[in-house]
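Here's the structure, in C-alpha cells; my notes come after.
The values are calculated or read from the model by the stated rules, or taken from the named source; none is laboratory data. Everything numeric in this text was worked out from a predicted model, so none of it was measured. Because the Cβ atoms are built from the backbone with ideal geometry, glycine has one as well, and the counts that use them run over all protein chains shown. Note: areas computed on protein heavy atoms with side chains; ligands, DNA, RNA excluded. Shrake-Rupley method; radii C 1.70, N 1.55, O 1.52, S 1.80 Å.
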Protein chains: 2
Amino acid sequence: MKATPTSSSIEDYVKVIYSFTEWQDKPITSTQLAARLGVANSSVSEMVRKLKDQDLVDHEPYSPIRLTADGLKLALAMVRRHRLLETYLVRELDFSWDEVHDEAEHLEHAVSETFIERMSAKLGHPTRDPHGDPIPDAQGHIVMPPSHRLDELDAGHRGQIARISDHDPELLRHLQANGLGLDTKLEVIGRRPFGGTLEVRKLPSSFSPSSPAVPSSPDDADRLDLGEEAVLSLWLVTQGTHLDCTVQEPTAGSLMSPRNGR
Amino acid sequence: MKATPTSSSIEDYVKVIYSFTEWQDKPITSTQLAARLGVANSSVSEMVRKLKDQDLVDHEPYSPIRLTADGLKLALAMVRRHRLLETYLVRELDFSWDEVHDEAEHLEHAVSETFIERMSAKLGHPTRDPHGDPIPDAQGHIVMPPSHRLDELDAGHRGQIARISDHDPELLRHLQANGLGLDTKLEVIGRRPFGGTLEVRKLPSSFSPSSPAVPSSPDDADRLDLGEEAVLSLWLVTQGTHLDCTVQEPTAGSLMSPRNGR
DNA sequence: CGTACTATTTCGGTATACCTAAAATTTATA
DNA sequence: TATAAATTTTAGGTATACCGAAATAGTACG
C-alpha cells in the first residue's frame, strides 16, 4: 500500500514515533504515542491503521509501533525542519532558547522545501540545533553525538553538555539562570541517594580533557544540585572526542539503530 | 453573535473579501469569492453563514458580502502577515519577487504574533512589500499610496511604479526582464486601440517631476508595449507626492473607504 | 410581464481527525 | 491458571470544510 497525501497530523505522528527511539531503542506503544500527541488512545489506533496503509509504520494489533524505511525518511525530514527552524529563530529572529519549540512546531508543517534549504544555507548548514540535537541533512543522514544522559554517569565523570531536552521551557530558563548551557563543562561530584538529585561542579570552559590535571578549586561556588527533571534532561559528551559520529542510513531497508555507539 | 475560533479557512475568506475592495469599492459577490478561493459556490454560501455568525461579515441572502469592523480588523492582520512575510522572504532569504506569494500564503496561517513583530523589527518596520502593496501596522492602520492603475492614465502622464499585482509570477518575470520594477519611472505615450495594449517609455531614474523639462530622447530604445494583463497589473504614483497618505481606522464602527484619495 | 437565464442557496454526501464508551486482547496477580 | 487489571481496538458520533445536484431568488429581454 502506498499513497502520497501527507497531512500535518501524519507528520506529527511519524515525528513522535521517531523521537521516542532517538535516544533509546524500545519502540513506542499506542498509549505513549497518545500521551505525547495529546490525543485519545482510540485516535491513535485509527491513525496508526492509516499510517500502516501508507506504509509508514509496521504494526501488528496490540504491539508497539515501528517506522518503516519510508516512515523514517519522512520523520527525519520533519526533524530536520523542526531543528533548522529552531536554530534559525534563535540566530536570526532573536527568539530565546525556550520560545522556539512551539513556534517551530507550527512552522514545520507550513514551510516549503525551498524555504528549508535557503534557511539551511543562510545558517551555514548547521549540524545541531540550539538544544544540541543533531540536524539531519537533506538526504536524511543524521550524526548522533556519543553522549550519555546525566543519570547514567557516576562521580568523577567529566564532560561537556551536548544536549538539553527542549520539552520544558521552565527547565530551560532554570538551567540558564544557573549558568548551564550547551557546551558547559561539568564534573559529576556525587549522587544524593533517592530523590534523583545529583551534585555537579561547573568546570571553566578553558578546561580540556586532554589535560586531566584536576583544577580542584578547594571550596567552590560552582557546585550545583540538579533535580530529577534536570538530570533526565541533560546529556554529556564525556570524551575529548568532540564529534564522534555515527552516520544513519535511512534509505536502507533496515531500520537504524539510533542508540549512540558507546 | 461572536466566537473566537479563527481557522485558516476563515482567515483566507476574510482576506480575499478585503483584497477585493482594496483598490476599488464594489463589494464582492459569492461567485467572485468562490472563484478567487478556488472552491464551489455552495462552499462559499455555507462559509459566509459561518462568518456572519462570528460577526466578521454583513450579508443578506443574494447580496454581496461586506466585512464588519471585526472582519476588517482580522483581514488587515492577515494582510500585514502576508506582506511582511513576502518582504522578509525577499530581503532575508533570497526569495525572488515571483516566488514569495505562495510561500507567504502558507506561512501567514502558521506564524505567531511574536514572530510577526520580531520580523517587522528586523526589517525596520517596512510600510510596503516587494510588490508595492502597503503593509498595515500592528494596530491595523494602513496607508494607501494615491496611485492609479495604468489603464486609467492618458498619453503624457508620467509617474513611478507604485504597485505591481503579485498574482501572476509569469508576468512578474516578464516585467523584470523588460526592466520594469517598483519605482521605475514611466511616461504613457499612447494607447493602441483595443487589444488593451499601451505604449510607454521608461524614464531615467534621475528624472524628477519637479523639473518637468521633457528629456525627450529622439528615437528611444526605452519604448515598450504593455499587454492587457500588464496594463491591469501596474499602478503609478503620478505626483511628486511620494507618499501622500490616508490613514484607515479599522476599529471605528464604520467601514473604511479604501479608494485612494485622488 | 412572463419566461428564460444566471446567481445563490439548500440539501444530501465525503474525507479528515478527533472523541467517549464498550468490547476485545494482553498482562499481571492471587 | 483463572481472574482482575491494564492496554488496545472497534463502534458510533462530532466538527470542519469541502463537493455536486436540485431548488430558489433575482435579472434581463422579447
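Being within 14 Å of DNA strand D (Cβ to nearest atom), open to solvent by less than 70 Å² (accessible area, probe 1.4 Å) and within 14 Å of chain B (Cβ to nearest Cβ) narrows it down to one residue among A:Ser7, A:Ser43; which is it?
Numbers: A:Ser43 fails: within 14 Å of chain B (Cβ to nearest Cβ).
Result: A:Ser7 is the single residue among A:Ser7, A:Ser43 that is within 14 Å of DNA strand D (Cβ to nearest atom), open to solvent by less than 70 Å² (accessible area, probe 1.4 Å) and within 14 Å of chain B (Cβ to nearest Cβ).
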Report task. Tell me which residues, restricted to region A:10-40, are part of a loop (DSSP other than H, G, I, E, B), within 14 Å of DNA strand D (Cβ to nearest atom) and farther than 22 Å from A:Leu107 by Cβ. Result -> A:Lys26, A:Pro27, A:Thr29, A:Ala40
Report task. With the checklist (1) in a helix (DSSP H, G or I); (2) away from DNA strand C (no atom under 16 Å from the Cβ) in hand, flag the one item B:Pro145 doesn't pass. Result -> (1)
Query - Residue selected from region A:64-80 under the condition within 16 Å of DNA strand C (Cβ to nearest atom) and open to solvent by 30 Å² or more (accessible area, probe 1.4 Å), by the criterion nearest to the other protein chains (Cβ to nearest Cβ) - result: A:Leu74
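Mind listing whichever residues of region B:115-127 are at the interface with chain A (Cβ under 7 Å from one of its Cβ atoms) and open to solvent by 20 Å² or more (accessible area, probe 1.4 Å)? Even if it seems obvious, please write down each step before you answer.
The first filter runs over region B:115-127 and keeps only residues at the interface with chain A (Cβ under 7 Å from one of its Cβ atoms), leaving B:115, B:118-119, B:122.
Correct list: B:Arg118, B:Lys122.
Between B:Arg91, B:Arg83, B:Arg36, which is open to solvent by 30 Å² or more (accessible area, probe 1.4 Å), under 16 Å from the mean Cα position of the chain (by Cα) and assigned by TED's automatic domain parsing to the domain that holds B:Thr6? Break it down into steps so the answer makes sense when it comes.
On the way: B:Arg91 fails: under 16 Å from the mean Cα position of the chain (by Cα); B:Arg83 fails: open to solvent by 30 Å² or more (accessible area, probe 1.4 Å).
Checking each option against the conditions leaves just B:Arg36.
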Query - Matching entry among B:His59, B:His109, B:His125, B:His82 (being modelled with pLDDT of 95 or more, under 30 Å from A:Glu99 (Cα atoms) and within 13 Å of DNA strand D (Cβ to nearest atom)) - result: B:His109
**Report entry** Failed condition for B:Pro61, given (1) in contact (Cβ under 8 Å) with a residue 24 or more places away in the chain; (2) farther than 19 Å from B:Trp235 by Cβ; (3) away from chain A (no Cβ under 14 Å)
**Finding:** (1)
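Table: residues versus (1) touching a residue at least 60 places away in the same chain (Cβ under 8 Å); (2) open to solvent by 10 Å² or more (accessible area, probe 1.4 Å); (3) in contact with a helix residue (DSSP H, G or I) (Cβ under 8 Å, 6 or more places away or on another chain).
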residue: B:Leu150; (1), (2), (3): yes, no, yes
residue: B:Asp154; (1), (2), (3): no, yes, no
residue: B:Asp168; (1), (2), (3): yes, yes, yes
residue: B:Arg173; (1), (2), (3): yes, yes, no
residue: B:Gln176; (1), (2), (3): yes, yes, no
residue: B:Leu182; (1), (2), (3): no, yes, no
residue: B:Arg191; (1), (2), (3): no, yes, no
Requested in this report: Give the residues of region B:46-60 that are near DNA strand C (Cβ under 8 Å from one of its atoms), farther than 12 Å from B:Ile10 by Cα and open to solvent by 50 Å² or more (accessible area, probe 1.4 Å), sorted by residue number.
Outcome: B:Glu60
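With a cut-off of at least 3 residues that are touching a Pro at 6+ places or on another chain (Cβ under 8 Å), name the helices (runs of 4 or more DSSP H) lying wholly within region B:46-141. Steps first, please.
Details: elements: B:69-92, B:100-107, B:113-122.
It comes to B:69-92.
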